[in-house]
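This report concerns only the one structure given below.
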Amino acid sequence: MIPNDIKITPDLIASHGLKPDEYERILELIGREPTFTELGIFSAMWNEHCSYKSSKKWLKTLPTKGPRVLQGPGENAGVVDIGDGQAVVFKMESHNHPSYIEPYQGAATGVGGILRDVFTMGARPVAAMNALRFGEPDHPRTRHLVSGVVSGVGGYGNSFGVPTVGGEVEFHARYNGNCLVNAFAAGLAKSDAIFLAKAEGIGLPVVYLGAKTGRDGVGGATMASAEFDDTIEEKRPTVQVGDPFTEKCLLEACLELMETGAVIAIQDMGAAGLTCSAVEMGASGDLGIELDLDKVPVREERMSAYEMMLSESQERMLMVLRPEKEHEAEAIFKKWGLDFAIVGKTTDTLRFIVKHQGEVVADLPIKELGDEAPEYDRPWVEPKKRPVLPASEIEEPADYAEALKTLVGNANGASRRWVYEQYDTLIQGNSAATPGGDAGVIRVEGTRKGLSFSVDVTPRYCEADAFEGGKQAVAEVWRNLTAVGSEPLAATDNLNFGNPEKPEIMGQFVGCIKGIGEACRELDFPIVSGNVSLYNETHGEAILPTPAIGGVGLLPDVTVRAGAAFVNEGDAILLIGGNGTHLGASQYLADILGREEGAPPPVDLAAEKRRGTLVRQLIGAARLTAVHDISSGGLGVALAEMAMASGIGATVKINGLAHAALFGEDQGRYVVTVAQDKLESVLEDILDGGVDVQQIGTTGGTDLTVEGILTISVANLKKAHEDWFPNYMATA
């Protein structure tokens, strides 16, 4: 029997996030009381953040395969073939709880973690995005969080050297006690040289790579699987500390080592650090792992086995190495100024054995730790769907011009320039379309190809109708990628919800997953990676259901694409997809009338696919001068954004109820512009394609005019649009 160093009490078990029945299961599995270190290992491996115990059942229903998918969920990141022997590797992951406690380091290490997930697979990171959500602007903590999180994202990404090409920032009172920081990264790799975490071979060295281990982040994964309360400040030590310059060296050393053929398996030390990485490598390869903690490089004295196993110190990797390549591998890491230490070996025992100072401090069955964590079928109730709210029952604004100015110049409609100008959007020299449009675009170096990236979700839709909200999040990202002319390839998800033990919250999760699954199947847009973040609650109040979707698209020729700005005076403006009719759950209803009610607009996926395919064909044939999808704020905001982006105005005429036509958020629609000499043939081909289209106006002048409804100068709109964020952040 292993000697136990600390008495295991019910309070200690509870403080590790383990339920009494889970502890009983541990006792059954190992046939004795665990050591303190073993309790820590179980708490790390069986918490929500690492085990997906509440979500696994539903995640299995998502479509994950497609003709281009080389690696779906289950590895560090998803991998999709882009032709010519190349693949794009990408994933999105949350760092919500750490960022609320310590915004700079929480956000910075979120970026660092997602970059490691990508280069662990053998890919060089080429693009980053982030989806950020904060509480209401006048909440006393919001400005501090915005400042810290944006600085952290920029500080890490800029220093590491990856361009931030897109993202979103939103405010809502439901995030007052729990901001969301979802980080996305994508990299390029050779499609026949993808590295996995599956250990193979017995008696092979397990190697520790990168930075030294300290006490920062001990218990971070467990903290990320708990609700917040008044003890939040006490959780500060569980937040990791990042060093982007060390990570850059780690990237270069790993990619250089991978070229030598030395690497059998490699795993990032992310959540739960050494514990999670070792267990996942062994369990996925049906092997045991033996570790000797006396050989782990540390930067603090007298660290216990418990602290070393649960530390989430950053910029670290674990690898299974070909023994004959040991000296070559060590030389590479020493050259880059990084630690390289053989800390264990693979075995045929299916046991996870940890030694420290001559004692065995953990001896556990590795499969049960990794692959066989508890899996719950949580009870759930169908979320109440809000009733449809007819536009005829919603009042018009007192002043249409002021309403439009408010929608483009308030917290959720204003330019995010203040944010993205703190990020390096041009480093590496391949950025073709930077933040501010429908999707970011980069050139694939050495080819004519381009990759497009977008991240999106409308939480107010998910709250009003989880199923339609889940569908819409996927459709919106697919539409954004389409609007620049790219073929949507695949998606990653970051599913942020409250406490899954509450049936109504679990119902939101299930509804959104069903909607996401249906949209991904209909649009041939598989989910290849992702992350689930639950327990996003403070004092029992949950965030809005926020299943963020990140998508990647492929442009055969990066020079043949569309932008979301008016280009010429005198171009015809076309509306594809019909008039606006739907104001339920809209930005207009929330920001102009102060009401959050009504059902969201339904998503017709067949129509979405038909219209998007046609728009892509027109862009590919260079027949359109500009394209912008219609989303929050409806046609009015889409036109205003296209005008503000170029300084060119427009005159348009709309049909139907004015406020619905202008601000309705009916889905699957685009505003496109066409040169007059191509207008007739473009209209004819769109109609022949079975798609609704109408010519609504012409570009030109310095005003945006909607006949009989409003006239406002583009300069006035732009001032309101550009001023909100810097003014807000400058306020004491």
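The values are calculated or read from the model by the stated rules, or taken from the named source; none is laboratory data. All figures in this text were calculated on a predicted structure; none of them were measured in a lab. So basically every Cβ, Gly included, is an ideal-geometry build from the backbone, and we count neighbours across all protein chains shown. Only protein heavy atoms, including side chains, enter the accessible area calculation; ligands, DNA and RNA are left aside. Shrake-Rupley method; radii C 1.70, N 1.55, O 1.52, S 1.80 Å.
Taking the residues in segment 262-305 that are of a type in the set (Val, Ile, Thr) and in a helix (DSSP H, G or I) as candidates, determine which candidate is surrounded by the fewest Cβ atoms within 10 Å (Cβ to Cβ).
Among residues in segment 262-305 that are of a type in the set (Val, Ile, Thr) and in a helix (DSSP H, G or I), the one surrounded by the fewest Cβ atoms within 10 Å (Cβ to Cβ) is Val279.
Within segment 164-188, track down each residue that is open to solvent by 10 Å² or more (accessible area, probe 1.4 Å) and among the small types (Gly, Ala, Ser).
Answer for segment 164-188, where residues must be open to solvent by 10 Å² or more (accessible area, probe 1.4 Å) and among the small types (Gly, Ala, Ser): Gly166, Gly167, Ala173, Gly177.
Failed condition for Ser431, given (1) open to solvent by less than 50 Å² (accessible area, probe 1.4 Å); (2) touching a helix residue (DSSP H, G or I) at 6+ places or on another chain (Cβ under 9 Å), with all others met?
All conditions pass for Ser431, except number (2).
What is the number of the single condition among (1) touching a Phe, Trp or Tyr at 6+ places or on another chain (Cβ under 9 Å); (2) farther than 29 Å from Val79 by Cα that Tyr104 does not meet?
(1)
Taking the condition of being touching a strand residue (DSSP E or B) at 6+ places or on another chain (Cβ under 8 Å) and either within 20 Å of Gln587 (Cα to Cα) or part of a loop (DSSP other than H, G, I, E, B) (or both), how many residues in segment 410-436 meet it?
10
Mind telling me which of the residues Ile82, Ile114 ends up being assigned to a strand (DSSP E or B) and modelled with pLDDT of 95 or more?
Only one candidate passes the filter, namely Ile82.
Kindly evaluate Leu618 against the criterion of being closer than 26 Å to Lys449 by Cβ, in contact with a helix residue (DSSP H, G or I) (Cβ under 8 Å, 6 or more places away or on another chain) and not polar (S, T, N, Q).
yes
Of the conditions (1) β-branched (Val, Ile, Thr); (2) within 30 Å of Gly155 (Cα to Cα); (3) crowded, with 19+ Cβ neighbours inside 10 Å, Val361 fails just one. Which one is it?
The number of the failed condition is (2).
Note down all Cβ pairs under 9 Å where the first residue falls in segment 408-424 and is within 10 Å of Glu722 (Cα to Cα) and charged (D, E, K, R), the second is surrounded by fewer than 19 Cβ atoms within 10 Å (Cβ to Cβ) and at pLDDT below 95, and they're at least six residues apart or on different chains.
Within 9 Å, the pairs are Arg416/Gly436; Arg417/Gly436.
For segment 663-674, state whether one or more residues are closer than 18 Å to Asp399 by Cβ and either without any contact (Cβ under 8 Å) to a residue 60 or more places away in the chain or of a type in the set (A, V, I, L, M, F, W, C) (or both).
Scanning segment 663-674, I find at least one residue that is closer than 18 Å to Asp399 by Cβ and either without any contact (Cβ under 8 Å) to a residue 60 or more places away in the chain or of a type in the set (A, V, I, L, M, F, W, C) (or both), so the answer is yes.
Based on what the data block shows, is Ser43 among the polar types (S, T, N, Q) and out of contact with any Cys (no Cβ under 7 Å at 6 or more places or on another chain)?
yes
Going by the structure shown, is Ala645 touching a residue at least 24 places away in the same chain (Cβ under 8 Å), open to solvent by 10 Å² or more (accessible area, probe 1.4 Å) and assigned to a helix (DSSP H, G or I)?
yes
Need pairs with beta-carbon distance below 8 Å; first residue closer than 21 Å to Lys212 by Cα and within segment 252-272, second in a helix (DSSP H, G or I) and of a type in the set (Asp, Glu); sequence gap 6+ or separate chains.
Gln267/Glu280; Asp268/Asp117; Gly270/Asp117
Looking at Thr731, Thr702 in this structure, which one is at pLDDT below 95, β-branched (Val, Ile, Thr) and open to solvent by 60 Å² or more (accessible area, probe 1.4 Å)?
Step by step, each of Thr731, Thr702 is checked, and only Thr731 is at pLDDT below 95, β-branched (Val, Ile, Thr) and open to solvent by 60 Å² or more (accessible area, probe 1.4 Å).
Considering only residues of segment 306-318 that are in contact with a Leu (Cβ under 6 Å, 6 or more places away or on another chain) and under 18 Å from Glu280 (Cβ atoms), which is surrounded by the most Cβ atoms within 10 Å (Cβ to Cβ)?
Met309
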